[in-house]
1. Mind giving me the FRET efficiency for Val247 and Phe103? R0 is 35 Å, r the Cβ-Cβ distance, nearest 0.05 is fine.
2. Rounded to the nearest Å, what's the spacing between the alpha carbon centres of the stretch 136-187 and the stretch 218-281? Just the number, please.
3. Give me the net charge of Ala128's neighbourhood, meaning all other residues with Cβ under 15 Å from the Cβ of Ala128; Lys, Arg count +1, Asp, Glu -1.
4. Can you give the charge dipole size of the chain about its Cα centre, rounded to the nearest 20 debye, using +1 on the beta carbon of Lys and Arg and -1 on the beta carbon of Asp and Glu?
5. Looking at Leu181, Leu63, Ile149, which one has the Cα that reaches farthest to the positive end of the dipole of the stretch 3-304 (charges on Cβ: Lys, Arg +1; Asp, Glu -1)?
6. Return Tyr199, Tyr222, Tyr261 ranked ascending by Cβ neighbour count within 10 Å, so the fewest neighbours appear first.
7. In what sequence do Arg125, Arg101, Arg25 fall when counting other Cβ within 10 Å, fewest first?
8. Sort by residue number and name the cysteines in the chain that have no neighbouring cysteine Cβ under 4.7 Å.
Amino acid sequence: MGAQERAGGLPRLVVFGEALTDMVRTGPDSWRSVAGGACWNVARVAARLGAPTGWGGAVSRDLFGEEIVALSREAGLDLRFLQVVERAPLVAMVHALSPPRYFFLGNDTADLAFDPSLLPAGWERACAFAHFGCISLVRQPLGARLLAIAEALHAAGVPISFDPNWRNLMGDDYPALFERLAALATVVKLSDEDLRHIYPALEPEEAIAHVRGLAPAATLLYTQGVEGITACQGDTCMRQPAFRVEVVDTVGAGDACIGGYLASLLQRPEASLGEHVRFAAAAAAAACTRAGAHAPTAAEVQALLDASA
């Protein structure tokens, strides 16, 4: 159980979307399984950084699902939001890493069976932020369920965080869905890669201006890997350089960035935009120091912040 579950309270942050198993090719005839999924990664990061968090999603009742459940418990996620179902696991076959190349297996997998009616009573009233993104929004019927949740929360005044986290499942009709979610959001996190795929005909500056026009009151976090983060809020835009670390890999860095930002926002509401973005950049850098989608601890992030002070 997560800390807030043991205490009986409900989490202030709920992240909705997929968890999956990456089958990573390690040789001509060898593969390694790694628990992952962008939305689950975001939830795990926020929880490990101290923000009471629930991950709303479904996993399979097998060794792959059991690993996700175990890692969720270890991170301190509220397990009342996690559903275990009798379906096959969602699997991503990652057959190359540089650049990443992958495809997904499964047309009737566990993630699609997520049932919002099984969420704990009163969770919406306790929710101070909800996060959505990645392939969960384009895998039906799951995507329609999550969009309905996002719209209902927005109508109730609950802030929405959105990270498109573009993947090759997103077709030519995706920009319309992206814009629908972006218009609901209080926080939009976008990478340079996301922008290239969603708005291929626009220059980055034009695309950013267009997104800001969709949600003028939202905070936009634009990430560019080693070039750092540009954060825009109202009339203010600021630049946060990337922290210099020994990079093992960059898997999950974007998830750690938005997970770190949300954790900082919820735990330090009085802090400035610059302080939140600096914390997010440190979380992203800490994730890069370990293999796979590492969810850094608060101590790891603080060490980077102290070292660069």
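1. Values: r = 26 Å, r/R0 = 0.74.
Working from the Cβ atoms, E equals 0.85.
2. 21 Å
3. 0
4. In total the dipole reaches around 500 debye.
5. Farthest along the dipole direction, towards plus: Leu63.
6. Working: Tyr199 17, Tyr222 24, Tyr261 29.
Ascending number of Cβ neighbours within 10 Å: Tyr199, Tyr222, Tyr261.
7. Arg125, Arg101, Arg25
8. Cys39, Cys127, Cys134, Cys257, Cys288
No lab work stands behind these numbers, since they all come straight from the coordinates. Model, not experiment: these values are computed from the prediction. Quick reminder, even Gly has a Cβ in these numbers, built from the backbone with ideal geometry, and neighbours come from all protein chains shown.
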